[in-house]
Amino acid sequence: DGWYALSSLLDDDLTNLVEQGKIQAGSKLMICNAQLVGTDDGVDPLDDDYYTDRRTCPVFLKISANNSRLATWDAKLGFVHPKYTAPQGGSLLVKSLCDIFPNGGTVPVMDLVVCKKY
């Protein structure tokens with residue numbers, strides 16, 4: 001129904017990616033497990049009490065590196081049902097252990113194969 005601005009709080013790893021220029025204004029991100037901080041029930045984006053362009057706005061979105069990926073330039077914005085993400089390569093599946101940031105929050109999905117049982 002439209003786009004609404006919302007302030008965000010990035011973890012240290014995402015902040016480093018922004019500072020390195022790997023994430024820029026206009027970059028599309030796929031995000032899962034983000035946390036809405038500052039309210040229990042959500043916020044009406046048209047409510048006069050919450051102007052996200054003000055530094056005093058108490059509501060923000062907390063995002064972590066392990067729960068975020070760069071999306072393709074032509075990715076549609078909005079909710080994507082999980083059954084549609086895997087065939088397109090758009091799921092937040094962690095493909096390698098070296099893709100995990102140690103302080104980057106929870107890991108949403110990882111496909112592991114047990115090679116040997118001891």
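The values are calculated or read from the model by the stated rules, or taken from the named source; none is laboratory data. For clarity, every value in this text was computed on a predicted model and none was experimentally measured. Backbone-built Cβ (ideal geometry, glycine too); neighbour counts: all protein chains shown.
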Query raised in the report: When region 61-101 is examined, which residues are found to be part of a loop (DSSP other than H, G, I, E, B) and either in contact with a Leu (Cβ under 6 Å, 6 or more places away or on another chain) or at pLDDT 75 or above (or both)?
Result: Ser64, Ala71, Thr72, Trp73, Asp74, Ala75, Lys76, Leu77, Gly78, Ser96, Ile100, Phe101
Report summary line: Filtering region 1-24 down to residues that are surrounded by 10 or more Cβ atoms within 10 Å (Cβ to Cβ), assigned to a loop (DSSP other than H, G, I, E, B) and at pLDDT 90 or above yields Asp11, Lys22, Ile23
